[in-house]
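The values are calculated or read from the model by the stated rules, or taken from the named source; none is laboratory data. Worth saying up front: this structure is predicted, and the values here are computed from it rather than measured. Cβ placement follows ideal geometry from the backbone for every residue including glycine, while neighbour counts extend to all protein chains displayed. These area figures cover heavy atoms from the full protein model, side chains too; ligands, DNA and RNA do not enter into them. Shrake-Rupley method; radii C 1.70, N 1.55, O 1.52, S 1.80 Å.
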Amino acid sequence: MLEARKTDFLTVNKSLMFPRSKPEDSSLLCPFGMIEEIISRIMQFFATGLVEKIIKALLVLFERFVNLILSLCEGNNYKKKDETLDVLYSSGNFLVINKKHDLLINSNDTKKKTVQTILRKQFPEYVQDNLTHDFYFAHRLDFATSGILCIPLNKNACKEVCQAFEEQRARKYYVALLRGHTDFDEEVIDIAIGDDIRFKDTSKKMCTILEDELCQNPRRSITKLLVLDRGYYNGKPVTKVLLRPITGRRHQLRLHCSQIGHVIVGDYTYSLKNDTSPARMFLHAYRLVLPNSCENIDIQTEDPFTEKALKYKWKVVEQVNGIGNAFDLIDSF
């Protein structure tokens, strides 16, 4: 009898461990069908681009969090660095600074951190009380763009700077990293830029005549582009370029680069919100040549987009033009 019970026990357990492929009770099919459905849904979810976008967004947030922690770890120096601007040159006529990325020039909201509010604390002696925004901002840089900003310190110097830009005697050079490898080494981009009717009452976005139905009041816009290096940033193909705007339209460099199929790395707006990494846009005002009767200005910053500066996330595989002769080259065509 004990042997019979043992046999029954083994039979029952065997049936549980190795169920029939077609169980007689059709109700047993339901759990297996549900599991198959769940697995199918999971596979469909991972097959979409949504997962990739979520991962990219999380990586950007993590990078920003790490940068914040590293900044806080600098101790007492953190506050000081955050509240001052890097001065490249100063005289009785001009103050030339190296603007940080993601920083407004000025704003009607005095609570916002801007170049104006920082300069007001850093250089109260230069404040012009008769001006709405305290200083003579004779030319501008986008919020996301870093680099050289020349601030005239008196009315005559401001007049000289404005005339130099209006007469196209001023020369501005930018360095940038573009998505993809270009199939050319130099290019003159001549595409008119106007107001995007979708953002008529804002300054968020511009457009070109290639988007005819959206573009209002287009004006001729010219940018010179010279390739410096080709390589990879975070494993993706990237081209490093020197840019010289001949005209000065809002968002000109960003829009021209996107129109030729090579959006600036980190340009969230003109990548149609696809470029969410890195945490900044890789466009920097690198050199400014400003001839004027007060004093000639020729200022150049350090290159913020070297392999070392970008912590070797940027790897050069082909050097096309050295920066030493790049300025002469881009002026020549």
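Just a few scattered comments:
- For the stretch 178-237, the dipole from Cβ point charges (+1 on Lys and Arg, -1 on Asp and Glu) about the Cα centre works out to 300 debye, to the nearest 20.
- FRET efficiency for Glu83 and Gln128, using Cβ-Cβ distance with R0 set to 25 Å, rounded to 0.05: 0.75
- Long pairs among Lys159/Lys311; Lys200/Lys236; Lys159/Lys224; Lys99/Lys200, criterion Cα-Cα beyond 30 Å: Lys159/Lys311; Lys200/Lys236
- Distances between placed amide hydrogens fall under 5 Å for Leu95 paired with Ile151, Leu153, all partners being 5 or more residues away or on another chain.
- Rolling a 1.4 Å probe over the heavy atoms of the protein chains gives the stretch 112-232 an accessible area of 50 Å² per residue.
- Whole-Hz ³J(HN,Hα) from phi, Karplus 6.51 cos²θ - 1.76 cosθ + 1.60, for the stretch 236-245, glycine and proline x: 10, x, 9, 10, 8, 9, 9, 10, 10, x
- Sorting the segments 135-148, 228-241 by their mean number of nearby beta carbons within 10 angstrom, highest to lowest, gives 135-148, 228-241.
- Descending semi-axes in whole angstrom, ellipsoid equivalent of the stretch 183-333, from the Cα gyration tensor: 26, 22, 15
- A protection proxy built from the mean count of other Cβ atoms within 10 Å ranks the segments 173-183, 117-127, most packed first, as 173-183, 117-127.
- Farthest positive-ward along the stretch 175-304 dipole, Cα basis, beta-carbon charges - from Leu272, Leu253, Val289: Leu272
- Between amide H atoms placed 1.01 Å from N, distances below 5 Å from Val238 occur with Gly180, Gly231, Tyr232, Tyr233, all of them 5 or more places distant or on a separate chain.
- Ordered from highest to lowest accessible area with the whole protein assembly present and a 1.4 Å probe, Met206, Met43 read as Met43, Met206.
- From the alpha carbon centroid of the stretch 174-242 to that of the stretch 268-333 is 14 Å.
- Across the stretch 207-265 the C-alpha pair distances fall into 5 Å bins from zero in the proportions 4, 16, 25, 23, 14, 10, 6, 2, 0 percent.
- Calculated log₁₀ intensity ratio I(q)/I(0) where the Debye formula runs over C-alpha points of the stretch 140-260, q = 0.12 Å⁻¹: -0.53
- Taken over the C-alpha atoms, the stretch 262-324 has Rg and Dmax values of 15.6, 46 angstrom.
- Ranked by the mean number of other Cβ atoms within 10 Å of their residues, highest first, the peptides 297-307, 53-63, 83-93 come out as 297-307, 83-93, 53-63.
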